[in-house]
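Only one structure is covered here, and it is reproduced in the block below.
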Amino acid sequence: MDSSFVLYTALGGSLLALGFAFVKTRWIYRRKVDDSALVKIAGYVQEGAMAFLSREYRTLLPFVALVAVFLVLANKGFMKFQAVAFLLGAFCSALAGFIGMRVATASNSRTTFAAKTGINSALKVAFSGGTVMGMSVVGLSLLGIFAVLAVFIPLSGGGVEQLRSLVLPVLSGFSLGASTIALFSRVGGGIFTKAADVGADLVGKVEAGIPEDDPRNPATIADNVGDNVGDVAGMGADLFESYVGSIVGAMILGLSVRGSDALRLKLAGIPLLLAVTGLAASVIGVFFVRTKPGKSPQRALNTGTFGAAILSAVFSFFLFRYYLGNETFNGSVGYMAVFGSTVIGLVTGVIIGLVTEYYTGTDKRPVLHIVKSSESGTATNLITGIGVGMMSTFPVVLLIGGAMLLSNFLAGLYGIAVAAVGMLVTLGIQLAVDAYGPIADNAGGLAEMAEFPHDVRQVTDTLDAVGNTTAAIGKGFAIGSAALTAIILFSSFKEQLGIETIDITRVPVLVGLLIGAVVPFLFSSLAMDAVGKAAFKMIEEVRRQFREHPGILQDRDEPDYKKCVDISTSSALKLMLLPGVIAVLLPILVGFLAGIEMLIGLLTGVTASGVILAIFMSNAGGAWDNAKKMIEGGLLGGKGSDAHKASVVGDTVGDPFKDTAGPSLNILIKLMSVVSLVIAPMLKSFHGF
């Protein structure tokens, strides 16, 4: 079986995903919204979201061009093509975000209107909108990888050594392009959404005493826009990068396994074939998502997700059995070792999601602990939330470590790489479930602002409550995949340099490790400070509108929504640049100026501390959020009580934790590894390896 089979299977998978996304998009746009108020308000949200995205991409264009020029000037010969792959990766990531955002903002009003006929209709629309995001990410990832390999394998000469030393390093440029867009999308989107959310909460809820999605709140449209730019485009770009990075890293490690050229080629092809099996399983899993009145939408989403995971495991077993036959490596039968590693990744991803749900879910012990602590004020709410976030890091790290040990036992470093791909193998439906959350959240907000009947808002509130859980699980899933992907990229970097062992007692390695360990704190500080600055401007603007136009709160004047959207947009685009530039430049500066040993220490430190800090921030923020929602549901006096005010402050602190700094750390650790992987050939030449 030659490489053309793998390539055309990847092409077929990409076309299946994009075709399915197209069919779902057509179906969504055929749903009519027969309510003028709803159409008007939804138009504000879509206009704000698309305006932000287009301005963000225009802001990033000079930076992307500068990196491409650097890759052309710094590389020699065939490696100059890395710049082409980089541009393609950036374009595919940006396009996936654009498609997902466009369809998500079209789905929210249709979900609201569909809620008039029942929960299953509304769930179908919201989930279909998420499906477009999921399938677009998978389809464009596979299409981009196919394009790079199909063009550059023939140009390189087509041999195994050329594939290892030329084509895959060029392909790492595609991963770098995806990572670059992902970081800025996550940081920029996170700053946007949290500036709006904090302004809407503190001035609207606490000071003015009006509901979160009350149309009298000037920041409410910006808040709904932020849900899309942060949790649809941002999360999509994050997982696009993880998906590509895990596939590229696994291909590099597959070619590094000791064995015949034929075996190494097969192992390099397995990540792409595995991705296609997961895609097929995800498409089938989408059809399992349906519910009935009185039944929880969470069960329907779980049925689709777990169904896809089981199907993926079954498909991959027969694929590996047929593709690898009786080939052996690492002292065991090859197909069983690879299949075992895949299942380890799949199962670990699911368990991390369940652990995340435990620490952040409503009615769970950790969140109830935060609710109880809110009785005695803001300080105890904050202390308890921080403690819950810290505690949640321990089981997740144990799970990641256990997955690494088991998959390494089965198939060495290549086993860890396959486990990383296995964790992301059903990304099509995983991301669909995750993107469903902000669509459902928007649907609830639109129902409130358009003053829909109470029974409609009950349906959207049910969908929204499930969306909060899926968002928390999605963040846990993203962290787990980021950890394994970063380790694979780091291992691939070592492989490209030909380094067998690292002496961690060497002073340059230790210094690099310490610097790397502190980088996530520096990065998070900049991200949190950016949210604080942007939120300050938003709070001042909402207060100004209430002060200068008292008729807003009396329903006589309409708020200036566009001004708030513009504040979030301009602040996000201005403040996202510094954290992003640090992430890109630091590995380059350390690698060339301080040496490869210090760079290896840097990557080790940033991965270890970054993963733990990301888990802490995401879970603490999610727990604070759901504690607030439980109090708003009637506990401890409900809305307006002292406990509620304490929980709103806790949620406000947690917002940049879970939606800006925490998720952005996932990309930071992967981006620094992929930058190092891209510059590995340059470092070998510069330092005379």
> Which members of the stretch 68-80 meet the condition of being open to solvent by 60 Å² or more (accessible area, probe 1.4 Å) and within 19 Å of GLY245 (Cβ to Cβ)?
Replying inline: none
> With GLY476, GLY389, GLY401 as the choices, which residue is assigned to a helix (DSSP H, G or I), small (Gly, Ala, Ser) and surrounded by fewer than 24 Cβ atoms within 10 Å (Cβ to Cβ)?
Replying inline: GLY401
> Quick one: GLY304 ticks every box in (1) open to solvent by 20 Å² or more (accessible area, probe 1.4 Å); (2) under 30 Å from ASP655 (Cα atoms) bar one, so which box is it?
Replying inline: (1)
> Among the residues of the stretch 1-54, which ones are of a type in the set (A, V, I, L, M, F, W, C), in contact with a Lys or Arg (Cβ under 8 Å, 6 or more places away or on another chain) and open to solvent by less than 60 Å² (accessible area, probe 1.4 Å)?
Replying inline: ILE28, VAL33, MET50
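Would you confirm, using the coordinates I've provided, whether MET391 is closer than 17 Å to GLY476 by Cα and out of contact with any Gly (no Cβ under 6 Å at 6 or more places or on another chain)?
Against the criterion (closer than 17 Å to GLY476 by Cα and out of contact with any Gly (no Cβ under 6 Å at 6 or more places or on another chain)), MET391 qualifies.
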> Counting just the residues of the stretch 148-157 that are over 18 Å from GLY245 (Cβ atoms) and among the β-branched types (Val, Ile, Thr), which one comes out least open to solvent (accessible area, probe 1.4 Å)?
Replying inline: ILE153
> Which residue out of VAL160, VAL203 is open to solvent by 10 Å² or more (accessible area, probe 1.4 Å) and over 28 Å from ILE429 (Cα atoms)?
Replying inline: VAL160
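How about the stretch 644-655: which of its residues are open to solvent by less than 10 Å² (accessible area, probe 1.4 Å) and touching a Gly at 6+ places or on another chain (Cβ under 9 Å)?
Listed by number, the residues that qualify are ALA646, GLY650, ASP651, GLY654, ASP655.
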> When only residues in the stretch 551-560 that are modelled with pLDDT of 85 or more and not charged (D, E, K, R) count, which is farthest from ILE669 (Cα to Cα)?
Replying inline: GLY551
> Yes or no: ASP213 within 30 Å of GLY654 (Cα to Cα) and either open to solvent by less than 30 Å² (accessible area, probe 1.4 Å) or in contact with a Gly (Cβ under 9 Å, 6 or more places away or on another chain) (or both)?
Replying inline: yes
>> With the requirement that a residue be open to solvent by less than 30 Å² (accessible area, probe 1.4 Å) and either of a type in the set (S, T, N, Q) or over 17 Å from ALA10 (Cα atoms) (or both), what does the stretch 255-280 give you?
In response: LEU255, VAL257, LEU263, THR277
>> What's the total number of residues in the stretch 165-194 that are buried (at least 19 other Cβ atoms within 10 Å of the Cβ) and over 29 Å from the mean Cα position of the chain (by Cα)?
In response: 1
>> If I ask for residues that are touching a helix residue (DSSP H, G or I) at 6+ places or on another chain (Cβ under 6 Å) and closer than 16 Å to LYS205 by Cα, which ones from the stretch 506-540 would you list?
In response: ALA535, MET538, ILE539
> Only one of these conditions is not met by VAL425: (1) open to solvent by less than 10 Å² (accessible area, probe 1.4 Å); (2) assigned to a helix (DSSP H, G or I). Which number is it?
Replying inline: (2)
> In this structure, is VAL289 under 27 Å from the mean Cα position of the chain (by Cα), more than 26 Å from LEU413 (Cβ to Cβ) and outside any helix (DSSP H, G or I)?
Replying inline: yes
>> On the basis of being open to solvent by 60 Å² or more (accessible area, probe 1.4 Å) and part of a helix (DSSP H, G or I), does ARG556 make the cut?
In response: no
> Which pairs have Cβ atoms under 6 Å, sit 6 or more apart or on different chains, and link a residue in the stretch 77-102 that is more than 30 Å from ASN442 (Cα to Cα) to one that is open to solvent by 50 Å² or more (accessible area, probe 1.4 Å) and of a type in the set (A, V, I, L, M, F, W, C)?
Replying inline: LYS80/VAL72; ALA83/VAL72
> Restricting attention to the stretch 621-638, and to residues there that are at pLDDT 85 or above and not in a helix (DSSP H, G or I), which single residue is farthest from PRO211 (Cα to Cα)?
Replying inline: GLY634
>> Of everything in the stretch 288-301, what is open to solvent by 50 Å² or more (accessible area, probe 1.4 Å) and either of a type outside the set (Ser, Thr, Tyr) or touching a Gly at 6+ places or on another chain (Cβ under 7 Å) (or both)? Give them in sequence order.
In response: PHE288, ARG290, LYS292, PRO293, GLY294, LYS295, ARG299
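The values are calculated or read from the model by the stated rules, or taken from the named source; none is laboratory data. Since this is a predicted model, take the numbers as computed values, not measurements. Backbone-built Cβ (ideal geometry, glycine too); neighbour counts: all protein chains shown. What goes into the accessible areas is simple: the full protein's heavy atoms, side chains included, and nothing from ligands, DNA or RNA. Shrake-Rupley method; radii C 1.70, N 1.55, O 1.52, S 1.80 Å.
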